[in-house]
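**Q** Dumping the structure here so I can ask a few things about it.
The values are calculated or read from the model by the stated rules, or taken from the named source; none is laboratory data. This one's a predicted model, so the numbers in the text were calculated from it and none came from an experiment. Please note: Cβ atoms are built from the backbone with ideal geometry, for glycine as well, and neighbour counts cover all protein chains shown.
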Amino acid sequence: MSTSTVPLPSAADRADRLVILGVAASDSHAVANHLIAIALRAEGFTVVNLGTCTPVAEFADAVQRHPQAEAVIIGSLNGQIHADLHDLAEAKREGLIHCPVVVGGNLSVGSSKHESSTTRLYELGVDHVLAAPAQLVPLLDRLSTDGADRAPARPQAAAAAR
Ligand code: B12
């Protein structure tokens, strides 16, 4: 039996790939944002890092300036992500953000996390909710090779809740 292996992309293969990164509007936690930017650059991505306290309108402006962006990646630590993304769906409806929106961090208030908090993020227009930064590059590579990047699949549960 033969096994075929698809080689994983290297940093050099990602030379022309760009992502937009930032921290949600009310949130000033900077450390993870810097570390994620460094890690993505080390993997070959061009990272437009908008830093902390970035409203949806600024992510939308960045997408307009960089229409080739593969994803908007938003971190949130202070538990206010749902309020911070209240205008995301509208920005996507208006075509101001046309690439997948990926969110990660500490995504609700308190230490015990409820699934409904993630479902609400999908309802707000988020396409992917990640548990850890290590999931970012595999997701971006999958979106890129699937061609699913412009029309991301959402979990059934989230679709059903809409
Ligand atoms: C340092 C810190 C601050 C500093 C930030 C300084 C700065 N410029 O960054 C200051 C003092 C300003 C601050 C303020 C506040 N903070 Co604070 N802060 C912290 C602290 C101690 C460390 C955060 C940190 O840098 N960690 C190191 C980085 C590397 O890890 P991380 O941030 O946890 O991120 C990890 C994951 O979440 C994930 N991740 C993060 N971002 C992303 C993005 C993506 C896309 C992905 C996939 C993954 C991902 O990857 C990282 C590595 O695993 C944490 C407690 C803690 N020990 O974690 C609280 C904490 C985050 N803060 C908290 C709170 C509540 C606040 C305040 C509201 C406090 C207040 N009442 O004023 C304010 C909010 C300010 C604001 N407007 O956002 C809470 C959040 C609670 C919640 N969500 O339920 C925490 C958890 C403390 C706690 N246990 O209560 N804070």
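**Q** Go through ASP87, ASP27 for me and flag whichever is at pLDDT 95 or above, within 15 Å of the ligand (Cβ to nearest atom), acidic (Asp, Glu) and within 17 Å of LEU121 (Cβ to Cβ). If you could, list the steps in order and put the result at the bottom.
**A** On the way: ASP87 fails: within 15 Å of the ligand (Cβ to nearest atom).
It is ASP27.
**Q** Is it true that some residue in the range 105-117 is within 15 Å of the chain's Cα centre (by Cα), surrounded by fewer than 22 Cβ atoms within 10 Å (Cβ to Cβ), more than 10 Å from the ligand (Cβ to nearest atom) and among the charged types (D, E, K, R)? Give the derivation first.
**A** So in the range 105-117, the residues within 15 Å of the chain's Cα centre (by Cα) come out as 105-107.
From what's left, surrounded by fewer than 22 Cβ atoms within 10 Å (Cβ to Cβ): 106.
In the following step, the residues that additionally are more than 10 Å from the ligand (Cβ to nearest atom) were identified as none.
Looking through the range 105-117, none of the residues is within 15 Å of the chain's Cα centre (by Cα), surrounded by fewer than 22 Cβ atoms within 10 Å (Cβ to Cβ), more than 10 Å from the ligand (Cβ to nearest atom) and among the charged types (D, E, K, R).
**Q** Check every one of the strands (runs of 3 or more DSSP E) wholly within the range 58-148 and list those with 2 or more residues that are under 16 Å from ALA37 (Cα atoms).
**A** On the way: elements: 72-76, 101-105, 128-130.
By residue number, 72-76, 101-105.
**Q** Identify all residues within the range 31-73 that are within 16 Å of the ligand (Cβ to nearest atom) and more than 18 Å from VAL103 (Cβ to Cβ); write none if there are none.
**A** Across the range 31-73, the qualifying residues are ILE38, ARG41, ALA42, GLU43.
**Q** More than 25 Å from PRO138 (Cβ to Cβ) and either in contact with a strand residue (DSSP E or B) (Cβ under 7 Å, 6 or more places away or on another chain) or touching a residue at least 24 places away in the same chain (Cβ under 8 Å) (or both): which single residue out of SER28, SER10 fits that description?
**A** Numbers: SER10 fails: more than 25 Å from PRO138 (Cβ to Cβ).
Result of the check over SER28, SER10: SER28.
**Q** Additional query: Within the range 13-31, how many residues turn out to be touching a helix residue (DSSP H, G or I) at 6+ places or on another chain (Cβ under 7 Å) and outside any loop (DSSP other than H, G, I, E, B)?
**A** 5
**Q** Conditions first: (1) within 13 Å of the chain's Cα centre (by Cα); (2) at pLDDT below 95; (3) within 11 Å of the ligand (Cβ to nearest atom). LEU136 passes all but one, so which condition is the exception?
**A** Unmet condition: (2).
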